[in-house]
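K.L.:
Just dropping this structure here.
The values are calculated or read from the model by the stated rules, or taken from the named source; none is laboratory data. Computed from a predicted model, the values in this text were never measured in an experiment. Backbone-built Cβ (ideal geometry, glycine too); neighbour counts: all protein chains shown. Surface accessibility is based on the protein's heavy atoms, side chains included, excluding ligands, DNA and RNA. Shrake-Rupley method; radii C 1.70, N 1.55, O 1.52, S 1.80 Å.
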Amino acid sequence: MFAGTGLPLSEQVSNFRASHFKPFFVRELTLSFHPFPLKAQNLPFIAIVSLLLFTFNASWVLGQEAPKNIKDAPVESKKDEKKNGDAKKSENGKEEKKEEVKEPELTPLQKLQFQLFQVTKRSVLIRQDLVELRKKPSTKENDDRIIELQLELDSLNRNFESLATQLHEEQRPKTKEEEFSWTQELQEITQPILQAIREVTSRPRRIETLKAKIESLKVKIKNYESARKNLKSLQELENGVPDVIEEDKAKDITKKTLSKTFHSNLDTLYDKYNPEILTVELEETLRKLIKIQQADRSVFGIVAEAMAEFFQVRGRNFGIGLATFVGLWWVLNYIFVFLNEKTNLFSVFKRPIRKIIKTAFSIFALGFSIMASLLTLYLLNDWLLLSMVIMILIAIGWTSRNLLPKFFRELRLILNLSTVREGERLFWKGVPWLIKELGVYATLMNPRLEGGTFKLPVGELFGQHSRPFVKGEPWFPCQPGDYVILSDDTFGKVLSQTPEQVILESFGSRKFYMTPEFLTLKPRNLTDGYLLVIVFGLDYGIQSRISKEIPAIFEEGLRNRYQNEMESVPPVIETLKVQFDSAAASSLNIKIFVKVNGKNAGEYYYYNRLTNAYLVDICNEHGLTIPFTQLTLSLDPDLMEEKSLGKQLGLQQP
């Protein structure tokens, strides 16, 4: 049923033919299959159609004459009449019973034919209007009207196809519009790489593609057969061209024109939806699938064949390109080394300038070698390798865009334009180092450490500061074989010292220290000589002699006992001196200084004990007393008085 009319479709068709008024057109029609109701989406136009129906029905009823002087008048003629009834009044003014005259019901196919004729008629009118508008001068109104009519004509063609084939829009074939896309351009550039990948995975992908195509063709064949069946039914249907009214005749629209256009559209669609072509394509696709599945090869054979093909063509080209790059790089660097070392061409420049020249030449050599290798692949017509190299270079450049600030900071370090410079002293992780060279990697060296040369990325030196070193400045407090005493009173011989650890031999056992930790313990090196300092206490009974006589007695006694050590070559005891030190609480202290040669560093504790023994011998020889520590208690006078009074009274204190 048409929306807004309230009348069945068959009655509306009968009214159209009986009254000969202009058939209406609906711009957008949608059709369902069981049954075939039509829905109008243009509500204003439907309202006008409803008004026309009401007007023509009213005029037809009022214009009919009732037969006179006949009591029971029969139905006057067998002409087409409205389904809503023909009410005849008798001569006496009495109402007669209504007699309904029904027209034969239209089949769904006849209804569909009528609808298609309406669409065809409207399309013919639009084409005529387009021809007339294109003959007129071009104006904005005409151009807009042409665009509007063309869009309407396209919509009519789609509606005609949908109604005639009984297929939804998604089931009909769609025309593809070619549009420019940068992704397609990029795909053309990378086509050699994609082609190589496609060849490696061609077999499984072809099988899946053929299977998907077979399923798609089966669905299309089924849809095409359904469309052809509907089209054939319309073609075999008897001619049901609607009558043409005077207004249509004025526009040169005849039944013949309508019928010819209608059948022409049906024939075009009948040829378009030909399932035989799809059937042939389906058979060919099945044959290809069976052939591929029968020609099954092992994975090893496929890989071996691909590798052989690669090394036969691609491998040769790759080798030539790689040899070109490496050869040019080596030749250009050899030329620079020859000019720099053999001819001393750059020696007139200062070191920072020489580094700038070297860096610029290295960048030039790298770029020139890359361009030469690309040119080689271009001349060999190897577009696959050429595309791969270009894509790799683009990827490197793209991923490096965020690294540019870091790159320039590293470049400043390399060119000696930052806070760290070559030939200066740097404290790196608690250990002093000499910056031997700055490049992509920084070379640090410590001559006192075993394995004391290593490289690290120059970027790790960000935020560090170096300074010129002083001549004779030690790079480490000791070396292997030296005897040291640490701040924790550890005494031992250095067995090994590396950038990571220091190993000491102390009283037959080994102690391991991390190198930075070892330096924090402030090692005292005894190998260059050491001074024994001993404080010795005497009794207050010799107070009058302590300043001069007593130190002389002890110094003379020690010299006599160390006579052999002092007269040896080189002397073991280099210096010996005794002086008064201080007056302590229980003793008068003298201080003995004994300077021992560094060759006897391992006997540090021996000479310390020996000197103390000689001091005791001298005291015994001269009758000197060694005091012991005394404790003196002082009591409060009030407390003493209380104790005395309690004693007199016979009281005991707790």
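K.L.:
Name the residues of segment 565-595 whose amide N is less than 20 Å from a point 7 angstrom out from the Cα of Ala552 along the C-beta direction?
P.N.:
So the set is 576-582, 589-593.
K.L.:
Also, quick follow-up: Please arrange Ile370, Ile356, Ile394 by accessible surface area, largest first, computed with a 1.4 Å probe and ligands excluded.
P.N.:
Ile394, Ile356, Ile370
K.L.:
Within segment 464-491, find all residues whose amide N lies under 19 Å from a label point positioned 7 Å from the Cα of Thr498 along Cα-to-beta-carbon.
P.N.:
Backbone N within reach: 476-482.
K.L.:
Between Lys140 and Tyr334, how many nm apart are label points set 7 Å from Cα along the C-beta direction?
P.N.:
That separation, rounded to one decimal, is 7.7 nm.
K.L.:
If you count only protein heavy atoms and use a 1.4 Å probe, how large is the accessible surface of Lys121, to the nearest 10 Å²?
P.N.:
Ignoring ligands and nucleic acids, Lys121 comes out at about 10 Å².
K.L.:
Moving to a separate point now. Give the accessible area for Tyr605 in Å² (nearest 10); use a 1.4 Å probe, count only protein heavy atoms, and leave out ligands, DNA and RNA.
P.N.:
Approximately 70 Å² for this residue.
K.L.:
Also: In terms of solvent-accessible area of protein heavy atoms at a 1.4 angstrom probe, what is the ranking of Thr261, Thr611, highest value first?
P.N.:
Thr261, Thr611
K.L.:
Could you give the semi-axes, largest first, of the ellipsoid that matches segment 441-566, computed as the square roots of 5 times the alpha carbon gyration tensor eigenvalues and rounded to whole Å?
P.N.:
45, 17, 14
K.L.:
Grab the beta carbon distance between Gln312 and Phe408, set R0 = 45 Å, and tell me the FRET efficiency rounded to 0.05.
P.N.:
Taking R0 as 45 Å, the efficiency between Gln312 and Phe408 is 0.50.
K.L.:
If you rank His622, His465, His263 by how much accessible surface each has, with a 1.4 Å probe, what is the order from largest down?
P.N.:
Per-residue accessible area, sorted high to low, gives His465, His622, His263.
K.L.:
Sticking with this structure for a sec: Express in % the proportion of alpha carbon pairs of segment 324-374 at distances exceeding 14 Å.
P.N.:
Above the 14 Å cut-off, segment 324-374 has 54 percent of its Cα pairs.
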